[in-house]
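In what follows, a structure is listed as structure tokens, so that the remarks can point back to it.
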Amino acid sequence: MPEEPQTPQPQLRTLDARSLRGLAHPLRIRMLATLRHDGPATASQLAQRLGESSGATSYHLRQLAAHGFVEDAPEHGKGRERWWRAAHEGTRFDEELLYDEDPATRGAADLFLHEIATIHTQEMSTWLGTAHGWPQEWRRASDISDFTLHLTPAQSLELVHKLHELIDGYRDLPPEEGTRAVRFHTHALPRADD
């Protein structure tokens with residue numbers, strides 16, 4: 001019997017205490033996200049996109065490079081321009097970092113998660129503020145839903161893994177006319193009993 005084709009897995013960087021502390025800065029997180037979503041850029045281009053000074057973006061790019069999150073993209077540069085690209089497609093957060101014995105690591109983990117939540121909120125707000133300018137087919141294809149399920153921790157984890165598998169199955173579809181980058185956010189949050 002022929003084997004089923006495997007869904008390609010994205011190249012992810014799993015955070016450890018050291019790399020987390022190197023990434024856990026709001027501007028670094030936003031810069032890395034921009035490089036992942038928009039492709040290679042210079043420090044000046046990132047500064048312009050993010051409303052920062054090129055000195056700040058240049059400094060933080062070097063810090064990201066020192067921790068292995070970004071790398072040179074020399075195929076894009078001309079002359080003395082230094083282009084950067086993300087070294088990985090995504091970041092995997094290890095829940096154990098929230099319980100690390102080092103308070104600096106716990107603080108970095110908290111900052112990282114709050115910044116990711118802020119980015120998700122900004123992306124949703126941007127969509128809501130600009131949706132009227134998109135074709136109706138894209139407005140219909142968008143979704144902001146929430147569900148309340150009654151699950152055990154094991155069932156919730158199983159559902160999270162199934163959602164990730166489903167999304168990964170769409171990651172490397174062949175390009176088609178009308179294809180756009182689409183952001184999917186997943187949040188699984190237990191509620192306190194009322």
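The values are calculated or read from the model by the stated rules, or taken from the named source; none is laboratory data. Just so we're clear, the structure is a prediction, and the values are computed from it rather than from any experiment. Methodologically, a virtual Cβ is constructed for each residue, glycine included, from the backbone with ideal geometry; neighbour enumeration extends over all protein chains shown. Remember, those area values only see protein heavy atoms, side chains included, never the ligands or the DNA or RNA. Shrake-Rupley method; radii C 1.70, N 1.55, O 1.52, S 1.80 Å.
Pick out which of Ala66, Ala41, Ala131 has the largest mean-square fluctuation in a Gaussian network model of the chain, springs linking Cα atoms closer than 10 Å. Top of the fluctuation ranking is Ala131. By accessible area, using a 1.4 Å probe on protein heavy atoms only, the chain has 52% of its surface on carbon and sulfur.
Modelled spin labels at Gln11 and Leu128, positioned 7 Å past Cα toward Cβ, are 3.7 nm from each other.
Taking each residue as 0.36 nm, the span from Ile144 to Glu101 lengthens on full extension beyond its C-alpha to C-alpha distance by 11.8 nm. Model label sites at Thr152 and Glu75, defined 7 Å from Cα along the beta-carbon direction, differ in position by 4.9 nm.
For the options Arg13, Arg82, Arg140, a Gaussian network treatment of the chain with springs between C-alpha atoms closer than 10 Å singles out Arg140 as fluctuating the most.
Note on the chain: with a GNM built from Cα contacts shorter than 10 Å, the maximum mean-square fluctuation among Thr152, Thr118, Thr57 falls on Thr152. With N counted as the residues of the range 79-133, its alpha-carbon radius of gyration over 2.2 N^0.38 Å works out to 1.66.
Calculated FRET efficiency, Thr118 to Lys162, Cβ-Cβ distance, R0 = 22 Å: about 0.25 to the nearest 0.05. Using the rule -39500 (n - 2.57) for each DSSP H run of four or more residues, divided by the residues of the chain, the 222 nm mean residue ellipticity is -15000 deg cm²/dmol.
In a solvent-free Debye calculation with one equal scatterer on each Cα, what is log10 I(q)/I(0) for the chain at q = 0.08, 0.10, 0.15, 0.17 Å⁻¹, listed in the order of the q values? With no solvent term, the Cα-only Debye profile gives -0.34, -0.54, -1.18, -1.42.
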